[in-house]
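The values are calculated or read from the model by the stated rules, or taken from the named source; none is laboratory data. Every value quoted in this text rests on a predicted model; they were computed, and no experiment measured them. Every residue, glycine as well, gets a Cβ built from its backbone with ideal geometry; the counts of neighbours run over all protein chains shown. Heads up: the accessible areas ignore ligands, DNA and RNA and are worked out on the full protein's heavy atoms, side chains in. Shrake-Rupley method; radii C 1.70, N 1.55, O 1.52, S 1.80 Å.
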Amino acid sequence: MPAAGSGTRMGKEIPKPYLTIAGKTILEHTLLQFRHVKEIHELIISTSELFKEQTREIASAVFCDIELTVIEGGAERQESVFKALQYVTDSAELIAIHDAVRPFVSEELILDCIKTASGSDVDGAILATPAKDTIKEVVDNNLVVATPERDRMWQAQTPQIFKREILLRAYNEAASRKYIGTDDSSLVEMIGGKVSVIKSTADNFKITYPLDFQLAKLMLSGK
C-alpha cells in the first residue's frame, strides 16, 4: 500500500493518507476495508520517513495477526511500490496493490479481484469503471488527434492484483528500461501480461483534490 503521497494538490501540508475524517485518518479508513479479507497474510506500507511510526501504529491497530512492514517510500509512486516489493515473502502467490487514499473499496470487490487474479488464464486483475465521458487524445499543442471508442475505454482503480512472479518481473523490467507507467497494470501489460478488468463503482474514488475530500467527509459522516 503506497502511502507516501504529498498533500500538495489538496492544499495541505500533511500528506493525504494522514488527514483525518470522522475521527480516523484516511489511511485507517482504507485499511479497515481489508480487515476481514482472510486471504491477506502480510501488509507492506511505504510512506515518508516522518510518518513511519504513525503508520505502524495505525496499521497494527487494524491488523494484529498478520506480518506488518512499514518502509520509507520513494519520490514517485512507482518507486514506492518497487521498494515495497523487495519485502514480499517468497511464499506469497498474489500481490495486491491499493492506494492508501481509496477508502471506499468494498470487501466484495476486493474478493472478486483476488478470485479473478488467481485464475490460470490471466496474470492479474484490476478494478475499473467504464468511461462515462468521451475521451480525447491530445498532443502537446492541445490539438485533438483521436477520439477512442468510448465503449472500449475504462478508468483504472485499485486494488490491482497480480501473480507474484510476473509483477516482480514487470517492475524489474521497467527499472531496467527506466520506464514510468501510470499504474501497476501498465507495467505488466508492457511485458505482455494478461490483465482482466473487474467492473467497479464510482464510490471507489481516489482522494486527490479538495472536492474529493469534501465528498469523502459527507460519505463517512453518513450524509
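At a glance:
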read-out	value
Förster radius 35 Å - calculated FRET efficiency between His36 and Ala75 (Cβ-Cβ, nearest 0.05)	0.55
Average projected area [Cα convex hull, the stretch 66-168], square nanometres	9.4 nm²
Alpha-carbon centroids, the stretch 15-31 and the stretch 158-223: separation in whole Å	19 Å
Long-range amide H partners of Gln155 with built H, under 5 Å	Thr129, Ala131
Average accessible surface area per residue within the chain, 1.4 Å rolling probe, Å²	56 Å²
Listed values (i) 13.4; (ii) 17.5; (iii) 12.3, entry calculated as mean projected area of the Cα convex hull in nm²	(i)
Net charge dipole size for the chain [Lys, Arg +1 and Asp, Glu -1 on Cβ; Debye, nearest 20]	540 debye
Carbon plus sulfur fraction of accessible area for the stretch 31-75, probe 1.4 Å, in percent	50 percent
Spin-label model distance (nm) - Glu137 vs Ala202, 7 Å beyond Cα toward Cβ	2.7 nm
Length gained when the stretch Ser118-Gln214 is fully extended (0.36 nm per residue, less Cα-Cα span)	30.9 nm
Rotationally averaged projected area of the stretch 1-131 (alpha carbon convex hull; nm²)	9.1 nm²
Antiparallel content of DSSP bridges confined to the chain, in %, to 5	55 percent
Furthest towards positive pole of dipole, Thr129, Thr147, Gly119, structure part the stretch 105-159, Cβ charges	Thr147
The stretch 93-181: chymotrypsin sites (Phe, Trp or Tyr not before Pro) in DSSP loop, at most 10 other beta carbons within 10 Å	none
